[in-house]
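Okay, so here's the structure we're looking at.
The values are calculated or read from the model by the stated rules, or taken from the named source; none is laboratory data. Keep in mind the model is a prediction, meaning the values are calculated, not measured. Please note: Cβ atoms are built from the backbone with ideal geometry, for glycine as well, and neighbour counts cover all protein chains shown. All accessible areas refer to the heavy atoms of the entire protein, side chains included, with ligands and DNA or RNA removed. Shrake-Rupley method; radii C 1.70, N 1.55, O 1.52, S 1.80 Å.
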Amino acid sequence: MHKDDDEARVGLAKEGLPADGDAPGLTRAGERPLDAFVSGAAYAALGLLGGVFGVVGSFAQDWTVGSVPVAAIVLVALVFAMARLAGFGMGGRLGATIPAVVWGVVVFVLSTRRTEGDLVVPGTAAGYLFIIGGMFAAVAGIMTVPPARPPGDWLLGRAGRTRE
């Protein structure tokens, strides 16, 4: 930032005009309120996707061909794909994290024994592969998405300035 830039901003502020070239009705990051609503709805839809995938996968994970848990293997690959594609679609790791965390919570709840003794995900090889393999696949899917901001930007935030 140059001294002239700061003086120009002060002059605009005194005249009641928006500084930094922002148009009226924009938030600080340059988003309109409708943009924030649409982003929130997209994250909610991703959470719903993770929940539905957790329920459907929990009931389908025990399908085998002989002694090979084919469905659990395919579902683990789909968990990876779900997290990675959601992250790329939303442009950051938060988009990958939302459906993965909701998936994990739903699978955890469905794998606990109820008071009647019922549970959806049993302690079989297919069940363990689905739960543990799915957790590793979700983390791998999240970590393969590039971060939305440069590394270390969270530390500096908007207060960080560079010297010219």
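Could you tell me whether G50 is touching a Pro at 6+ places or on another chain (Cβ under 6 Å) and either hydrophobic (A, V, I, L, M, F, W, C) or surrounded by 14 or more Cβ atoms within 10 Å (Cβ to Cβ) (or both)? Full working, then the answer.
Working: touching a Pro at 6+ places or on another chain (Cβ under 6 Å): yes; either hydrophobic (A, V, I, L, M, F, W, C) or surrounded by 14 or more Cβ atoms within 10 Å (Cβ to Cβ) (or both): yes.
So G50 fits the description; yes.
Being surrounded by 14 or more Cβ atoms within 10 Å (Cβ to Cβ), in contact with a Leu (Cβ under 7 Å, 6 or more places away or on another chain) and either of a type in the set (S, T, N, Q) or touching a residue at least 60 places away in the same chain (Cβ under 8 Å) (or both) is a property that V121 has. When the residues of segment 130-150 are filtered to those that are assigned to a helix (DSSP H, G or I) and in contact with a Leu (Cβ under 9 Å, 6 or more places away or on another chain), the one that is surrounded by the most Cβ atoms within 10 Å (Cβ to Cβ) is G134.
State all residues of segment 70-110 that are among the β-branched types (V, I, T) and either under 26 Å from A41 (Cβ atoms) or surrounded by fewer than 19 Cβ atoms within 10 Å (Cβ to Cβ) (or both); if no residue qualifies, say none. Outline the logic, then answer.
Applying the first criterion (among the β-branched types (V, I, T)) to segment 70-110 yields 70, 73-74, 76, 79, 97-98, 101-102, 105-107, 109.
The answer is V70, I73, V74, V79, T97, I98, V101, V102, V105, V106, V107, V109.
The one condition from (1) open to solvent by 70 Å² or more (accessible area, probe 1.4 Å); (2) among the small types (G, A, S); (3) modelled with pLDDT under 65 that S67 does not meet is (3).
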